Amino acid sequence: MGVRLGSGVMDVLINVFVGLHIIGIASLLGGFLTQMKAMGEGTARFTPAMLHGALTMLVTGVALVGLNQADDHAVNNVKIAVKMAVLIVILALVYVKRDEESIDKSMFGAVGALTTTNVFIAVLWT
Ligand code: HEM
């Protein structure tokens with residue numbers, strides 16, 4: 001019984017972090033989508049929402065791995081490693097170029113494509 005109560009609390013905590021993880025995607029991908037027109041004109045930029053969304057993905061993602069392991073849920077390490085590698089590239093690009101007033105179309109597009117890639121890795125790789 002005690003174990004059941006304990007895992008219930010952990011489930012809520014894990015779900016809270018999944019919610020924060022989704023807020024992170026919203027910030028990162030939203031920052032991209034709202035600038036697709038500007039991207040076509042070569043005037044898009046990496047906004048603070050995109051940088052903070054990318055950071056949120058890393059922090060909540062790592063927390064989710066830890067929480068799932070603490071709760072004895074199997075974590076797909078290969079899937080997580082791939083998602084983490086993709087996110088590190090996103091984060092590096094957005095961080096290094098955060099003060100540039102306009103970002104080349106191809107680089108801005110790459111961040112959108114990599115973010116979308118991670119969404120589909122998350123939902124399709126089971
Ligand atoms: C742009 C980057 C990322 C995107 C778009 C993304 C997307 C998602 C989505 C949509 C989910 C919910 C669906 C599911 O449970 O599979 C999810 C869950 C998860 N993500 Fe991410 N993710 C990203 C980065 C990361 C990173 C860097 C890590 C780890 C370091 C991570 C770890 C996890 C874990 C452990 C779950 C599973 C939660 C559970 O099964 O309870 N994610 N991610």
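The values are calculated or read from the model by the stated rules, or taken from the named source; none is laboratory data. Just so you know, these numbers come straight off a predicted model, no measurement behind them. What goes into the accessible areas is simple: the full protein's heavy atoms, side chains included, and nothing from ligands, DNA or RNA. Shrake-Rupley method; radii C 1.70, N 1.55, O 1.52, S 1.80 Å.
For K37, a cut-off of 17 angstrom between C-alpha atoms picks up these lysines, skipping any fewer than 8 places away in its own chain: K105. Within the accessible area of region 7-124, the carbon and sulfur atoms contribute 70%, probe 1.4 Å, all protein chains present. Ligands, DNA and RNA are left out, and with a 1.4 angstrom probe the accessible area of region 7-124 is 55 Å² per residue. Projected onto planes of every orientation and averaged, the convex hull of the alpha-carbon atoms in region 7-124 covers 7.1 nm². Got a sec to turn the phi values of region 57-62 into Karplus ³J(HN,Hα) couplings, 6.51 cos²θ - 1.76 cosθ + 1.60 with θ = phi - 60°, whole Hz, x for Gly and Pro? Rounded to whole hertz, the list is 4, 5, 5, 6, x, 4. Relative contact order for the chain: 33 percent, from Cα pairs under 8 Å spaced at least 6 residues apart, divided by residue count.
Applying the Karplus relation 6.51 cos²θ - 1.76 cosθ + 1.60 with θ = phi - 60° to region 106-117 yields 3J(HN,Hα) values of 5, 6, 5, x, 4, 5, x, 5, 5, 5, 4, 4 Hz, where x marks Gly and Pro.
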